[in-house]
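Colleague: Here it is, the structure, as structure tokens.
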Ligand SMILES: Cc1cc2nc3c(=O)[nH]c(=O)nc-3n(C[C@H](O)[C@H](O)[C@H](O)COP(=O)(O)OP(=O)(O)OC[C@H]3O[C@@H](n4cnc5c(N)ncnc54)[C@H](O)[C@@H]3O)c2cc1C
């Protein structure tokens, strides 16, 4: 039996951040990870001389004051990143536009694209940006939502400024409510452009997404979006290194199979090793937790039974010489819907990124949202996988007709692969859609309601993405070690 203060289950961004902060404050921590890689959905895998990001590729929060930067600065660590002036190129049926980091340039290009709606688009963005800036100031001290203790309420109130009163009327609004208010709801191509951004970051589209969350998501790339040399896994590896340097233990290939409450908590891994800890932080998807402990109850239990999107991913090795001269690092292609191969997010390695591929080759990760219902029986699964792969490749060919010629090797990541490698039941990824009802005060707290059993990751407030998972890891660490670190 191993006795420790805090056991962290899972080496995704949430768990690694919580463990690194606790280790930095001198806590006795052990982090166990089921796989042989750090980073979970933002991890990597190798194939011969090439390396692929599993899922997450686009880095945010590395700018001065951004969340990853604040954590890395506190830990005294650095990750090599390249700031993108053109964050991505968005292809939609009637054309392509670059997404510029510069706010004014981006707005001007949108207005050029939709000249008849330019003044309404300007008014809409003027409101949206003011809202996003106000939320950023509110969230900077990282209040935990929904507040569960007097201390969390007090902290939230101390984060509030008079300007935040203006956010209240928008609290239950969707983005579509505001598009209607600005007379933009019938601008189908413009709305689709926004939906493409939202499905990837908020897991839902304008009709349902919380306006406050949408404003944040639609503005975040302007704060800074980054290409990470090698991939986001490098930030995860740096966090693991920091845990070790500060005296914590990190163990790969240890899958926790049960958690029991006694004088503290006892977790057991697949090899039968027992870890007795005062605190446990669980960083897997919330849907897994009931299989580890039957004690989970309340809203956490309800959400643990709630499916989310799954994804189908293509991992392609490309011959650089067969790619068009202009082939942006990050691209979205949208056709007639936002899922099932009609909307893709594509990330290709930089031509000079030798961590990803040798000279002349590049690696690319392409993903699409999919409904779990499309994969429910074995027969359906086996038929859908090649059909969806083909649909995705065909959509790429609508923009790059000779694309297949550049493919040297291809692999797919269907929901079962995601389940196997990230232990996400059903292959559920991305966290819960940030709808007006489920975002912010409607989110899941990092407090499970069970004493000293904490949860972090993209199922937990504030939600998906490496920044969201990191924020929930900070909330866990801050609850266990109040006042011991300041970001
Ligand atoms: C296709 C795709 C593309 C994405 N693109 C981006 C992007 O460009 N930018 C971005 O910021 N975000 C992106 N995201 C979202 C982002 O990857 C995730 O939201 C984030 O990485 C989730 O972090 P997490 O802390 O919740 O942990 P996870 O990444 O889910 O990691 C959890 C870890 O815990 C381990 N684990 C689980 N259960 C156990 C157990 N019982 N015992 C031991 N270990 C366990 C798992 O093996 C895993 O390594 C993308 C997601 C997907 C699916």
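The values are calculated or read from the model by the stated rules, or taken from the named source; none is laboratory data. Since the structure is predicted, the reported quantities are computational estimates derived from the model, not experimental observations. Quick reminder, even Gly has a Cβ in these numbers, built from the backbone with ideal geometry, and neighbours come from all protein chains shown.
Colleague: Restricting to the stretch 275-321, and then to whatever is within 17 Å of the chain's Cα centre (by Cα) and assigned to a loop (DSSP other than H, G, I, E, B), can you tell me which residue is surrounded by the fewest Cβ atoms within 10 Å (Cβ to Cβ)?
Modeller: Top of the filtered list is 307.
Colleague: Regarding the stretch 45-57, can at least one residue be identified that is surrounded by fewer than 14 Cβ atoms within 10 Å (Cβ to Cβ), in a loop (DSSP other than H, G, I, E, B) and in contact with a strand residue (DSSP E or B) (Cβ under 9 Å, 6 or more places away or on another chain)?
Modeller: Looking through the stretch 45-57, at least one residue is surrounded by fewer than 14 Cβ atoms within 10 Å (Cβ to Cβ), in a loop (DSSP other than H, G, I, E, B) and in contact with a strand residue (DSSP E or B) (Cβ under 9 Å, 6 or more places away or on another chain).
Colleague: Shifting gears a bit: Checking the structure you have, find out if any residue of the stretch 244-252 is within 15 Å of the ligand (Cβ to nearest atom) and crowded, with 19+ Cβ neighbours inside 10 Å.
Modeller: Restricting attention to the stretch 244-252, the residues satisfying the condition of being within 15 Å of the ligand (Cβ to nearest atom) are 249-252.
Okay, now just the ones that are also crowded, with 19+ Cβ neighbours inside 10 Å, so 250.
Scanning the stretch 244-252, I find at least one residue that is within 15 Å of the ligand (Cβ to nearest atom) and crowded, with 19+ Cβ neighbours inside 10 Å, so the answer is yes.
Colleague: Could you check the stretch 3-44 and list, in sequence order, the residues that are more than 15 Å from the ligand (Cβ to nearest atom) and either surrounded by fewer than 21 Cβ atoms within 10 Å (Cβ to Cβ) or farther than 17 Å from residue 243 by Cα (or both)?
Modeller: Residues satisfying the conditions are 3, 4, 5, 25, 26, 28.
Colleague: Among the candidates 412, 389, which residue alone is within 26 Å of residue 94 (Cα to Cα), in contact with a strand residue (DSSP E or B) (Cβ under 8 Å, 6 or more places away or on another chain) and either touching a residue at least 12 places away in the same chain (Cβ under 8 Å) or not in a loop (DSSP other than H, G, I, E, B) (or both)?
Modeller: Just a single option satisfies the conditions, and that option is 389.
Colleague: Answer yes or no: is there a residue in the stretch 471-485 that is touching a helix residue (DSSP H, G or I) at 6+ places or on another chain (Cβ under 7 Å), within 12 Å of the ligand (Cβ to nearest atom), modelled with pLDDT of 95 or more and part of a strand (DSSP E or B). If you could, list the steps in order and put the result at the bottom.
Modeller: Initial filter on the stretch 471-485 (touching a helix residue (DSSP H, G or I) at 6+ places or on another chain (Cβ under 7 Å)): 471-474, 476-477, 480-481, 485.
Of the ones still in play, those that are also within 12 Å of the ligand (Cβ to nearest atom) are 471-474, 476.
Within this subset, residues satisfying the condition of being modelled with pLDDT of 95 or more are 471-474, 476.
Applying the additional criterion that residues be part of a strand (DSSP E or B) yields none.
No, every residue in the stretch 471-485 fails to be touching a helix residue (DSSP H, G or I) at 6+ places or on another chain (Cβ under 7 Å), within 12 Å of the ligand (Cβ to nearest atom), modelled with pLDDT of 95 or more and part of a strand (DSSP E or B).
Colleague: A follow-up question, please. Hey, among 169, 146, 162, which residue is surrounded by fewer than 19 Cβ atoms within 10 Å (Cβ to Cβ) and in contact with a helix residue (DSSP H, G or I) (Cβ under 8 Å, 6 or more places away or on another chain)?
Modeller: Going through 169, 146, 162 in turn, the sole match is 146.
Colleague: Testing residue 94 on (1) surrounded by 13 or more Cβ atoms within 10 Å (Cβ to Cβ); (2) not assigned by TED's automatic domain parsing to the domain that holds residue 201, one condition comes back false. Which one is that?
Modeller: Every listed condition holds for residue 94 apart from (1).
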